[in-house]
Amino acid sequence: MSHNPLVSIVMPNYNCARFIGEAIESILQQTFYDFEFIIVDDGSADDSWKIICAYAQTDARIIAVQNEENLKICRTLSKGIQMAKGKYIARMDSDDVAHVDWLEKMVQFMEIKEHAHIGVCGANFYLIDQKGKKIGQKIFPETDQQCRDAFWFRNPFAHNTVIIRKECFSAFGFYDQEFLYAEDLELWMRFGQKYTLHNIQEFLVDYRISGENSVLKKQKTMIQNTLKARKKAKNEYGYHMSFKGYVFYWGTWTMQFLPPRFVFWMFNFLKK
């Protein structure tokens, strides 16, 4: 690229050869073109790297990076973001599918002069199964206050839909390995100390549910680190936890002892 792109899309990957081709295609087909596409393979043992390299040869916007060892999601994401040249960081996972106008709508919203204070913007998504069949949907809180209220009950953003001003990372740092599997929730709380949060009320991404999702495989660690992030937000970032928030805090604590799929179903049911 002869100039710095407006957006840097960062996609981490680990052993997702089955779906990564479809995920990459969904990015290359975006109606918004001014981006670089940083794909960081985290030491996959399948054919992921071969697939990534094949796509990188067909489109100059793709920057393919391979970790020599498995660094996990936090360090992998931070590595990709540190390489980024864009004004905005957009996130996409290697087993999900971006709608063709995802990036265009996100950038248009963030580029509005009156939205200069918004640091993180996300969107709603459809749930799809392993074959790509639509099986549900998720709606996220819209306004800054609604996002902040949600900190104690749910993650206010779908990590695979967000666009973030890169200056947020300059101001508050990168993903924290200490909060693995809840690293995004802790990051939003950290950024929220200075920046406004928002979700566009449109469905712009398809989120794939499979046996590989960390929400199913790493439930106990995710719950423990979610609680730790909320405690840090209250004690160090100055957020106020309501009585209802405390009730949910201890209710969430009990979830670590229940079957993962039951917990996943319960959280989805309570959010409706």
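Summary of values
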{"read-out": "Residues of the stretch 31-48 classified as assigned to a loop (DSSP other than H, G, I, E, B) and either free of Cβ contacts under 8 Å to residues at least 24 places away in the same chain or more than 18 Å from the chain's Cα centre (by Cα) (or both), total", "value": "9"}
{"read-out": "Check on residue 194, among the charged types (D, E, K, R) and either modelled with pLDDT under 95 or over 28 Å from residue 117 (Cβ atoms) (or both)", "value": "no"}
{"read-out": "Those strands (runs of 3 or more DSSP E) lying entirely in the stretch 109-218 with at least 2 residues touching a strand residue (DSSP E or B) at 6+ places or on another chain (Cβ under 6 Å) and under 20 Å from residue 87 (Cβ atoms)", "value": "118-128, 163-165, 196-208"}
{"read-out": "Test: residue 2 is over 20 Å from the mean Cα position of the chain (by Cα), of a type in the set (Ser, Thr, Tyr) and either in a strand (DSSP E or B) or modelled with pLDDT under 95 (or both)", "value": "yes"}
{"read-out": "Single unsatisfied condition, residue 58 versus (1) buried (at least 18 other Cβ atoms within 10 Å of the Cβ); (2) more than 18 Å from residue 163 (Cβ to Cβ)", "value": "(1)"}
{"read-out": "Count of residues meeting criterion [touching a residue at least 40 places away in the same chain (Cβ under 8 Å) and either assigned to a helix (DSSP H, G or I) or closer than 17 Å to residue 203 by Cβ (or both)] in the stretch 70-108", "value": "27"}
{"read-out": "Of all residues in the stretch 70-117 being over 13 Å from residue 39 (Cβ atoms) and of a type in the set (S, T, N, Q), the one that is surrounded by the most Cβ atoms within 10 Å (Cβ to Cβ)", "value": "78"}
{"read-out": "Pair list, Cβ under 6 Å, 6 or more apart: the stretch 242-258 residue surrounded by 12 or more Cβ atoms within 10 Å (Cβ to Cβ), other residue at pLDDT below 75", "value": "255/263"}
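The values are calculated or read from the model by the stated rules, or taken from the named source; none is laboratory data. In this text, all values refer to a predicted model and were calculated from it rather than measured experimentally. Cβ sites come from the backbone with ideal geometry, for glycine too, and all protein chains shown count toward neighbours.
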